[in-house]
Structures are given as C-alpha cells and as structure tokens.
Amino acid sequence: MRVDVIVPVFRDNAALKQLLEVSAERDLSERIQVVFGEPDAAGQALAERCGVIWTRAERADRASQMNHGAASAEGDILLFLHADSQPPLDALEAIEEAVFHGAVGGAFTRRFDSTSRFLQFTCWLADWRGLALGIFLGDQGLFVRREVFEALGGFDEEARYEDLDFSQRLRGSGRTILLPQVLISSARRFQRRGVVRQSLSDFLAIVSSIVRRGTR
C-alpha cells in the first residue's frame with residue numbers, strides 16, 4: 001500500500017515551508033503533492049526546492065484543490081493534510097496499518113500548538129467525537145482508501161464544511177478510526193478570531209451538520 005499526501009495551499013507559504021521542512025526530516029517529501037489555489041511563483045519554487053510535486057487547481061477552494069490533488073495522485077490511500085500542521089513521525093505507517101486491519105479511513109488525534117487550557121479541552125472533545133461518532137475535521141489529517149474516496153465522489157465542493165460533510169459520508173462506508181498518534185495543528189485561526197468564539201462556531205457547525213444529515 002502507498003499513501004499519497006495532498007496539501008492544499010492558498011497564500012500560506014510560511015506554513016508550507018515549515019511543513020515541507022518537517023516532511024523532509026521524516027522522509028515524506030516523495031509522497032507529497034502540493035495543490036495551489038492560484039498562481040504562486042514563490043510557493044511553486046519552494047515546492048521544487050523541497051523536491052515535492054505541485055499542481056494548481058482551477059478554483060481557489062480547499063475542496064476543489066483536494067479533489068484536484070486526489071485525481072492526479074497514484075496512492076492506494078490518500079492523506080489530506082493542512083499546510084499549518086505537523087504530522088506524527090510514524091504517520092504513514094500508522095495509516096497503512098489501520099487500513100490493513102480494515103479501516104476505510106479516519107484521522108489523527110489532534111493537539112494545538114498552544115498552551116490554552118480551553119483549546120486542550122476542545123481537543124479532548126474532538127477525541128470523544130472521533131471515537132464515539134466517527135466525525136473528524138480537516139485539521140486532524142483526514143485519510144481514506146482511494147477507492148472509497150472515489151466511490152463517495154470526493155469532497156463536496158458546494159458544502160460549507162467539506163471536511164465535516166466528507167467524514168459523515170465516510171463513516172457510512174465502513175469502519176473509521178481515530179489514530180492515537182498526535183498531529184500538531186496551528187491555533188492561529190483561534191488566536192485571530194478568539195478562542196471561545198471560534199470554538200463555539202466550530203461546535204455549532206458540527207451540531208448543525210449532524211442534525212441536517214439526520215433529517216434526510
């Protein structure tokens with residue numbers, strides 16, 4: 001089995017640089033495909049210097065970029081990784097083992113690069129959500145067997161929260177898993193908008209999505 005890593009990027013070369021440096025240390029570079037949402041000469045040059053493949057989607061939209069990357073990937077398993085995250089050391093091995101033992105997909109245990117106790121609490125809630133409900137968000141590093149991804153039609157490019165929508169559809173395809181390995185995600189979006197305000201927005205989006213899907 002081979003895991004291909006798809007990284008959607010839109011005007012975020014500082015985070016991309018850090019991710020690619022970490023990936024080089026962990027021998028992940030040959031597995032990565034960076035998908036830009038617009039022409040980005042600096043970002044493309046960065047990808048080339050780091051020895052990773054890059055492509056450009058027609059739309060600057062995360063779902064479109066991830067679908068574009070998946071279409072050109074060759075791996076048996078697809079891992080969708082945010083540029084401002086750091087995967088665990090044994091990320092690929094953990095995914096391969098999970099799929100080998102029957103999982104159709106899943107995500108990593110997420111922790112933020114922040115000492116905020118409130119964000120630590122939200123991570124514990126995310127652990128429960130993943131274990132009990134099989135619902136994951138994109139900043140947890142979603143992975144899926146390629147054939148399952150294609151059968152589901154990929155990410156819904158019209159969905160407001162494409163990661164939430166996809167994980168809900170994914171759990172209907174078979175057993176999903178929350179891996180114990182920890183992925184570090186940036187807390188910057190919480191810092192920009194406010195920790196409580198952003199967390200509440202995320203919580204309401206999850207509840208709303210669950211309710212809508214449950215009434216279909």
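The values are calculated or read from the model by the stated rules, or taken from the named source; none is laboratory data. Computed from a predicted structure; not experimentally measured. Don't worry about glycine lacking a Cβ; one is built from the backbone with ideal geometry, like all the others, and counts go over all protein chains shown.
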Take the residues in region 117-135 that are among the small types (Gly, Ala, Ser) and buried (at least 17 other Cβ atoms within 10 Å of the Cβ), then tell me which one is nearest to VAL104 (Cα to Cα). GLY134
SER85 being over 21 Å from LEU152 (Cα atoms) and touching a strand residue (DSSP E or B) at 6+ places or on another chain (Cβ under 6 Å): yes
When you scan region 168-184, do you find a residue that is of a type outside the set (A, V, I, L, M), more than 18 Å from ALA94 (Cβ to Cβ), in a helix (DSSP H, G or I) and modelled with pLDDT under 90, even just one? no
Just wondering, is there one or more residues in region 96-109 that are at pLDDT 95 or above, assigned to a loop (DSSP other than H, G, I, E, B) and of a type outside the set (A, V, I, L, M, F, W, C)? yes
Selection from region 83-124 of residues among the aliphatic types (A, V, I, L, M) and in contact with a helix residue (DSSP H, G or I) (Cβ under 8 Å, 6 or more places away or on another chain) yields ALA83, LEU92, VAL104, ALA107, LEU119
Sort through PHE155, PHE149 and tell me the only one that's in a loop (DSSP other than H, G, I, E, B) and either of a type in the set (Phe, Trp, Tyr) or at pLDDT 95 or above (or both). PHE155
Those residues of region 19-52 which are within 23 Å of ASP163 (Cα to Cα) and surrounded by fewer than 18 Cβ atoms within 10 Å (Cβ to Cβ) amount to GLU38
